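These notes concern the structure reproduced below.
The values are calculated or read from the model by the stated rules, or taken from the named source; none is laboratory data. A quick note: this is a predicted structure, and the numbers were derived from the prediction, not measured. Cβ placement follows ideal geometry from the backbone for every residue including glycine, while neighbour counts extend to all protein chains displayed.
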Amino acid sequence: MKKFIPVSKPSISKKDIKSVISVLKKNWISSEGPEVKKLEFRFSKLVGHKYGIAVSNGTAALEIAIKSLNLSKNDEVIVPNFTIFSNTLAVIKQNLKIKFVDCNLFDWNMDLNKLEKLINKNTKAIIATHIYNFPIQMNKLKKMCKNKKIFIIEDAAEVIGQKIGNVYCGGFGDISTYSFYANKQITSGEGGMITTNNLKFYQNAVNLRNLCFGKKDRFNHSEIGWNYRITNLQASLALSQLKRINSIVKKKEEIGKLYFEKLKNNKNIFIPPPKNNYSKNIYWVVAILILNKKMGKDAKKTMNYLKKKGIGSRPFFWPMNKQNILKKLKYKIKGNFKNSEYISKYGFYLPSSIDLTKKEVNLICKIVNNYFN
Ligand SMILES: Cc1ncc(COP(=O)(O)O)c(C=O)c1O
């Protein structure tokens, strides 16, 4: 049988394994210990923030980040309509008001012009999630929020190692979140991080991560927190991977460029280019959008076809305005979300593990090009 090419496979080096074993041998198996602190220090330094708080996953990071801001009940948070559900969860679990903004069609990030129109006196925070390939124009977003007392929560889960100018993504937010899930640039299996320059947010986040233990009497709690701790074993894996973030990113870029060269001339599909006018594309995923609807091929059909050919793929996110659970909870979602609806039906992504060979990329592109001819 032909080898199946998975959409994503973690890359674990001998050094990664050695570092986890050494931590295990030293008995640092829980969240208490030096590796978590080292990871927090090195990661926050990379993105240029003062403080880092390592947590159990990227969803937890978002929940803590929102709660750290201490918003009030009627405060409004604007969230992309095309994103991971974790963004929405973080807001609605805190009983905050939520508004969704549609994405644009060229990089699938939230449309900043539409976002500007949604901002009003109740808007207290915006979740700026970088989606798949190009980052959001953070400088433009920051300008928009300046003097309005709107916090930016930058969700940089998918863009670890990506820069805008000289600043790493995550370095723009008032508070920023990341995921170390197995398909991310660096992984700890499960894991996540929060970074910020704000001492108060940092203190809140540290507290919320660890059950908000009492200051005076440890087991007398005054706040609702979580156990969203990460272990030293996980931290040691992430730390070891963090050391080679530049080579991981370089490899991802190379794979993305190979795909781009082979697929760019196919007029029936769109693959994002290696750079735009403000940033490089480090290709967290190799995302494809079907342009020619008349072919009668949507993402689902395509993915089934690719599977039969031994190629793994994944669909794009499901838009927030179409989420069953939000309908069930009777959220009134106003607005026009035609872009997110289109791309969630016609978008999918292809294999992009860093050990993918040129031969494999060529084979995948040949199959994709034949299918869309
Ligand atoms: C943009 C974004 N934010 C948050 C998350 C959630 O991260 P986790 O899976 O670690 O909870 C993901 C997940 O992949 C993501 O893509």
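Restricting segment 172-193 to residues that are touching a helix residue (DSSP H, G or I) at 6+ places or on another chain (Cβ under 6 Å), polar (S, T, N, Q) and closer than 20 Å to M138 by Cβ leaves a set whose member that is nearest to the ligand (Cβ to nearest atom) is S179. Looking at the structure I just gave you, is N133 in the same structural domain as F82 (by TED's automatic domain parsing) and either surrounded by 24 or more Cβ atoms within 10 Å (Cβ to Cβ) or not in a loop (DSSP other than H, G, I, E, B) (or both)? So N133 passes the test.
Entry remark, segment 271-296: residues being in a loop (DSSP other than H, G, I, E, B) and in contact with a Pro (Cβ under 7 Å, 6 or more places away or on another chain) number 1 in total. Taking segment 111-130 only, how many residues are within 16 Å of the ligand (Cβ to nearest atom) and either out of contact with any Asp or Glu (no Cβ under 7 Å at 6 or more places or on another chain) or among the acidic types (D, E) (or both)? Residues flagged as within 16 Å of the ligand (Cβ to nearest atom) and either out of contact with any Asp or Glu (no Cβ under 7 Å at 6 or more places or on another chain) or among the acidic types (D, E) (or both) within segment 111-130 amount to 2. Residue by residue through segment 352-362, note down the ones that are in a helix (DSSP H, G or I) and free of Cβ contacts under 8 Å to residues at least 40 places away in the same chain. Matches in segment 352-362: K359 only. Once segment 237-257 is narrowed to residues that are touching a strand residue (DSSP E or B) at 6+ places or on another chain (Cβ under 9 Å) and over 17 Å from S352 (Cβ atoms), the residue that is surrounded by the fewest Cβ atoms within 10 Å (Cβ to Cβ) is L237.
Confirm whether L112 is touching a Phe, Trp or Tyr at 6+ places or on another chain (Cβ under 9 Å) and touching a residue at least 24 places away in the same chain (Cβ under 8 Å).
no
For first residues located in segment 278-291 and touching a residue at least 12 places away in the same chain (Cβ under 8 Å) and assigned by TED's automatic domain parsing to the domain that holds P351, partners that are of a type in the set (S, T, Y) and assigned to a strand (DSSP E or B) and lie 6+ apart or on another chain with Cβ distances below 7 Å form the pairs V285/Y349; V286/Y349; A287/Y349; I288/Y349. Scanning segment 328-351 for residues that are of a type in the set (F, W, Y), assigned to a helix (DSSP H, G or I) and in contact (Cβ under 8 Å) with a residue 60 or more places away in the chain returns a single hit, Y342. Taking segment 159-171 as the range and being buried (at least 24 other Cβ atoms within 10 Å of the Cβ) and either hydrophobic (A, V, I, L, M, F, W, C) or near the ligand (Cβ under 10 Å from one of its atoms) (or both) as the test, the residues that pass are V159, I160, C169. Taking the listed residues S240, S222, the one that is without any contact (Cβ under 8 Å) to a residue 40 or more places away in the chain and more than 16 Å from the ligand (Cβ to nearest atom) is S222, with no other qualifying. When the test is whether a residue is among the β-branched types (V, I, T) and surrounded by 24 or more Cβ atoms within 10 Å (Cβ to Cβ), I175 passes it. The set of residues in segment 77-106 being crowded, with 21+ Cβ neighbours inside 10 Å and among the charged types (D, E, K, R) consists of D102 alone.
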